[in-house]
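The values are calculated or read from the model by the stated rules, or taken from the named source; none is laboratory data. All values derive from a computational prediction rather than experimental measurement. Cβ placement follows ideal geometry from the backbone for every residue including glycine, while neighbour counts extend to all protein chains displayed.
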Amino acid sequence: PKEPSGSLSADSIKIKKEVANAFVKRKKRASPYEWYLEYYKSPMEQMHERCENYPPCDYLSDQVGFALAYNRFFG
């Protein structure tokens, strides 16, 4: 099923889930520690996200650094 322009339609390039799983494998977790890190963020990462989600803090962190900006608004 080709389109008039000569390109393939989206329906013609879809593959079944079972076929896709044959060559796309999910990486297995090596340890419970890696599993834990995947689901829980460190306190520092939570602080960074809090600052990034507040535009004045995000802007100031670009100017003076994250630590000073975070302490200015949340410290």
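List of remarks:
- The number of residues in segment 34-73 that are of a type in the set (Phe, Trp, Tyr), modelled with pLDDT under 90 and either surrounded by 10 or more Cβ atoms within 10 Å (Cβ to Cβ) or in a helix (DSSP H, G or I) (or both) comes to 3.
- Pairs where the first residue, in segment 34-56, is farther than 16 Å from Leu68 by Cα and the second is basic (Lys, Arg), C-beta under 9 Å, 6+ apart: Trp35/Arg29; Glu38/Arg29
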